[in-house]
Amino acid sequence: MKGLIKWSSISLLSIFCLIFLFPFYMMIVMGTYYSEDLFRELPILPSNYLLENLKTIMSANFLLNYWNSFYVAVLFTVLSVGVAGLTGYAFAKFEFKGRNVLYGFILATMMIPGQLGLIAYVMEMKWFHLNNTHAPLILAALNNAFGVFFMAQFIRSSVPTEVIESGRIDGCSEPGVLIRIVLPFMLPAMSTLGLISFLGSWNNYLLPLVTINKPELYTLPLGIANLSTVFRTDYSASILGLTLGTLPLIILFLFGSKTLVQGLTGGAVKG
Amino acid sequence: MKRTGRKVGTWVACLALSLMVVIAGCGSNDANHGTASENGKNQDAPVKLTAWGWDKAWFDASLVEFNKVHPNISIDFVEVSAGDYLKKVQTSIASGSELPDILWAEEAFRGAMYELNVLEDISSEPYNFDSSKLLDFELPLLTNSKGELVGLEQSGSPGALAYKRDLAKQFFGTDDPQELAALFPDWNAFIEKGKEVVQESGGKTYMLGSLMDAYTILSKQGTTAVVDGTTVNREVVLELFKRLQVMRDSQTEGKLGMWSPTWNASYSQDNVIFYPAANWSPQFVIKPNDKSSNGRWGLMVPPEGGYPYGGTTIGIWKDSKNKDAAWTYMNWLLASDEGAEANFKVSNYILPLKSFFEDTSKLSSGPDEFFGGQDLGSFWVEEVFPSMKAKQVTKYDQDIYSASELVLETMAQDPNFNAEEALMRWEKQLKKNHSELIFK
Amino acid sequence: MKASGMSRKNKWPYLFIAPYFVSYAVLSLFPIVFTFYMSLTDWDLYGNRNFIGLENYKQLFFHDSYFWKSLLNVFLFLLGYLPALVIVGMLLASVIESKLIRRKTFFRLSVFSAYMTTPVAVGIIFALFFDWQGGILNQLFVEIGLLTEKINWLGSADSARWIVITMVFWKNLGYFVMFYTAGMASVDRSIYEAAIIDGASAKDVFFRITMPLLKPINLFLIITSIISGLQLVEEPMLLFSGWASGSSMVGGPDGSTFTPIWYMFDASFDSSAFKYGKGAAIAYSTFLFIALFSVISIKWFNKEDKGR
């Protein structure tokens, strides 16, 4: 009986996951097609155009754009997770004057649709002489209200206050408490937020489009957009390029998932 | 405790360092940029211009030709895809950032671009470009509402009708472009024949893929603009929608949705005979969509004549520090006979200059196997260009097009949705963001 | 001694939040204020830039059916996918994280893969499926006799809305699962083991232990979903702005998938109206509704807490 439940739930889950995986699989397969052939039949089995598509994207400065996107995304993620973690921790575990007002302020700013703020942001970047650099893309990580909210919620529920107190009694400084005691508890949340931030930076399109006027500073999505001419969009090559763009994420996921989501927490609780 | 303190210290230092690397890296980049635009007062001294555009292959090749004559002018080309171009330009304007010395404008958004007050009028001082050098139909495509000439064509973009020869032979008894053009002197004849085609094929074959295909041609034929100032000419639009309604009712179109996957796939199938086509279509639309065929395609003058389809204009930024050099580039490449020849040589682009059209024999491109031996160069120059007319471009063009797409989708789907209703919905859609429009 | 302890304790939270708020003051405050100022002007790029007070807001609230319709749409969408995301997401996460499943990474990755699929590919896939004349869905249904006539899925208001809901659900389920996973991972395994030893059924464990423990995560997910739900724009634009699926239909059939932020883009960036003042007013009006509904749901959450 138990085995039956187990197997039926596993197979149900597997079917469900396969359905979800299918479009992602199709995306990978689409990169092997001649663009116009995508529309001729359902792209399910790989076709023979992978090398041509690779050539196309390589001709468009792919590696340089890839590197730009990559290092911007890494810095973006580090900044975003770092600042959000610090801020969220302070809001979740400290009582201080103005706490509720400031927290409310962060929540409120998250609710304002920010897309038009782009214009003013570009103006600022002009004043700081930062346009035409990667700085505007990376600095945007500093004010991740969403990340602060998540971190605060998570720490509130998952980091026991007693552990913090005992750390203080042991004579740890506040940064010491944070690094030695709280951080291990925060890792699952940080890795989740990190993944989301990385993806957000990687897919960012509008901001680099309007702040960068130098081909050598282009990020991957901008480079890919230029594969298309006015008259013909090379969907396959674009998709191939963008699919290769998700590679670091998948690696991050495969290697990060197990260690970060479970391993360290368990260790921390015991230690 | 000390140890953890140091850990935090390192951590903070790391962050600070990475930030500094970024900002420092940027500083030097910026410095480079600053010096670039400083030089260039002097005619013979080397000048560096910037241009934003998308057609890199053409740009690079034509620049090589230009530099043979003017080696002192170099141009930094920044690739910006046509779909994003206006977005980038407008945020730059709004935030007060710099634009490049040379700006491009594609057909879809050139009307809006012309009104943004960022382009030089090249018909006035100091350029004094003589607009009578251009083919007559071109002027409305290059001027803004103040009557300023703000750009020159990268290439004339004649629009015609592409057809599948085997299907033409099957249904009309001929695949000769001249004979076919004679069969369809106007759209009524086209629609009438379409009824027969649907019947004979048992509802499997249609004249056109979609209402938008028809709209693409019909809306561009003639010379009466839809909007004049802020007044919308309802009559012209209603007339157009009525014609399209007739096409829907008599099944002239196959409801495929222009540019949809199914529409693209239909190029290699037998369900559609005709497609709107410009001089860029063979390379970018027809051949890619039907790459395994040979000799299956033909090009003909559409009922009621040629029309402008696509095309990019190039202009000079008003606040550029290097207007002279930018004009030297434009004037040579887009307004001189040498430039026209260079243009034709590198990309088969045809400049709409009267002088260039005096001897059309040099514009032949030879028989094209894919098109059953048709000489496409001569076809465009001798048959389509002379029959072309054009409407004044306006800043509303892009929005008119998308409002039409919206109502025509409904028209294709709902057999009871008539031209009057279409017009009403179209008006409402346009008024959404353009409350200043008056409909008469 | 005590005093220094206090001051040490007081100084640190401010130091911890300093990076955020200092950078906020330098970078993000101005855009928000400036956008608000924009909403009080008739700024367009054709030369107008006059202060007109609340005129834009008056127009939107009292004379603009597009604005109200777009708001209605995002609420309908939210009702369609949010409960499903919360329920299915929680169930899926607890199954994946339970002892039953070995290769957790694979399952997590496959659910999350939707979130990583690039928009261009998604656009084409949806077009291939739902296209009217040649779409796979119609071909299949006609073939097996489920339909006699092809349905224009993307052409009628109701089905278009359902497709958007499906799309958002499909894309965001993995995202929800990720957050739930993070929430569950931090829970001490021994609680579960103790409960199972005590003879609790899987159902009991889920309702008595998992759900309450996930409450803070749920608050986070629901609030952020309301925020991002009312700011929804990518999915409907992907389906209907034509760059992946052919012709563009701003707002979808009958405006059934128009959203406030799409309207904002339409008014200021995408069309050739360049009405920045109007766009900014749409942004701030939407903000009012987001704030209202977020506060209501936070209150609701807190009440539940007290009732418990």
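The values are calculated or read from the model by the stated rules, or taken from the named source; none is laboratory data. Please read all numbers here as calculations on a predicted model, not as lab measurements. Cβ coordinates were reconstructed from backbone atoms using ideal geometry, including for glycine residues, and neighbour counts include every protein chain displayed.
Scanning region B:56-87 for residues that are touching a strand residue (DSSP E or B) at 6+ places or on another chain (Cβ under 7 Å), assigned to a helix (DSSP H, G or I) and facing chain A (nearest Cβ under 8 Å) returns B:LYS56, B:ALA82. Across region B:385-407, which residue is surrounded by the fewest Cβ atoms within 10 Å (Cβ to Cβ) among those that are acidic (Asp, Glu) and at the interface with another protein chain (Cβ under 7 Å from one of its Cβ atoms)? Across region B:385-407, the extreme among qualifying residues is B:GLU405.
Any idea which residue in region C:28-54 is farthest from B:LEU119 (Cα to Cα), counting only those that are outside any helix (DSSP H, G or I) and among the β-branched types (Val, Ile, Thr)? Applying the filter and picking the extreme gives C:ILE52. Within region A:109-138, being at the interface with chain B (Cβ under 8 Å from one of its Cβ atoms) and outside any loop (DSSP other than H, G, I, E, B) holds for A:LEU118, A:ILE119, A:ALA120, A:VAL122, A:MET123, A:LYS126, A:ALA135, A:ILE138.
Number of residues in region C:174-195 that are more than 9 Å from chain A (Cβ to nearest Cβ), over 25 Å from the mean Cα position of the chain (by Cα) and closer than 14 Å to C:GLU97 by Cβ equals 3.
Applying the condition of being touching a residue at least 40 places away in the same chain (Cβ under 8 Å) and charged (D, E, K, R) to region B:369-389 and asking which residue is nearest to B:GLY156 (Cα to Cα) yields B:LYS389.
Scanning region C:178-235 for residues being assigned to a loop (DSSP other than H, G, I, E, B) and closer than 22 Å to C:PHE107 by Cβ gives a total of 3. Of the residues making up region C:138-160, those that are in a helix (DSSP H, G or I), more than 26 Å from the chain's Cα centre (by Cα) and surrounded by fewer than 17 Cβ atoms within 10 Å (Cβ to Cβ) number 5. Scanning region C:244-302 for residues that are within 20 Å of C:ARG161 (Cα to Cα) and surrounded by fewer than 21 Cβ atoms within 10 Å (Cβ to Cβ) returns C:SER248, C:ASP254.
Of all the criteria given as (1) within 9 Å of another protein chain (Cβ to nearest Cβ); (2) within 23 Å of the chain's Cα centre (by Cα), the one not satisfied by B:PHE274 is (1). Among the residues of region B:243-271, those identified as more than 18 Å from B:MET411 (Cβ to Cβ), more than 8 Å from chain C (Cβ to nearest Cβ) and either touching a Gly at 6+ places or on another chain (Cβ under 7 Å) or part of a loop (DSSP other than H, G, I, E, B) (or both) are B:SER266, B:TYR267, B:SER268, B:GLN269, B:ASP270, B:ASN271.
The residue that is surrounded by the fewest Cβ atoms within 10 Å (Cβ to Cβ), counting only those in region C:32-91 that are at the interface with another protein chain (Cβ under 10 Å from one of its Cβ atoms) and of a type in the set (Ser, Thr, Tyr), is C:SER65. The residues of region A:214-251 that are among the aliphatic types (A, V, I, L, M), buried (at least 18 other Cβ atoms within 10 Å of the Cβ) and over 17 Å from B:PRO261 (Cα atoms), listed by number, are A:LEU217, A:LEU220, A:LEU222, A:ILE224, A:ALA225, A:LEU227, A:VAL230, A:LEU240, A:LEU242, A:LEU249.
Can you name every residue in region C:190-237 that is over 19 Å from C:THR286 (Cα atoms), hydroxyl-bearing (Ser, Thr, Tyr) and either buried (at least 16 other Cβ atoms within 10 Å of the Cβ) or touching a His at 6+ places or on another chain (Cβ under 6 Å) (or both)? Residues satisfying the conditions are C:TYR192, C:THR210.
For region C:281-302, residues that are farther than 15 Å from A:MET111 by Cβ and within 14 Å of chain B (Cβ to nearest Cβ) total 1.
Take C:PHE265 and tell me if it is within 14 Å of chain B (Cβ to nearest Cβ) and without any contact (Cβ under 8 Å) to a residue 60 or more places away in the chain. The answer is yes for C:PHE265. For region B:228-262, a residue qualifies if it is at positive phi and of a type outside the set (S, T, N, Q), and the qualifying residues are B:GLY229, B:LYS255, B:GLY257, B:TRP259. Among the residues of region C:76-106, those identified as more than 23 Å from the chain's Cα centre (by Cα) and part of a helix (DSSP H, G or I) are C:VAL95, C:ILE96, C:GLU97, C:LYS104, C:THR105, C:PHE106. Candidates in region A:202-218 are the residues that are within 13 Å of chain B (Cβ to nearest Cβ) and polar (S, T, N, Q); of these, the one that is farthest from C:GLU234 (Cα to Cα) is A:ASN213. Residues in region B:76-125 that are touching a residue at least 60 places away in the same chain (Cβ under 8 Å) and at positive phi: B:ASN117 alone. For the residues A:TYR25, A:TYR33, A:TYR49, the requirement of being away from chain B (no Cβ under 14 Å), of a type in the set (Phe, Trp, Tyr) and under 13 Å from A:ILE239 (Cβ atoms) singles out A:TYR25.
Of all residues in region B:145-162, those that are assigned to a loop (DSSP other than H, G, I, E, B) and in contact (Cβ under 8 Å) with a residue 60 or more places away in the chain total 7.
A count restricted to region A:121-176 and to residues that are modelled with pLDDT under 90, farther than 21 Å from A:LEU102 by Cβ and buried (at least 22 other Cβ atoms within 10 Å of the Cβ) stands at 2. Only one of these is more than 8 Å from every other protein chain (Cβ to nearest Cβ) and free of Cβ contacts under 8 Å to residues at least 40 places away in the same chain: A:PHE39, A:PHE105, A:PHE76. Name it. When all the criteria are applied, what remains is A:PHE105.
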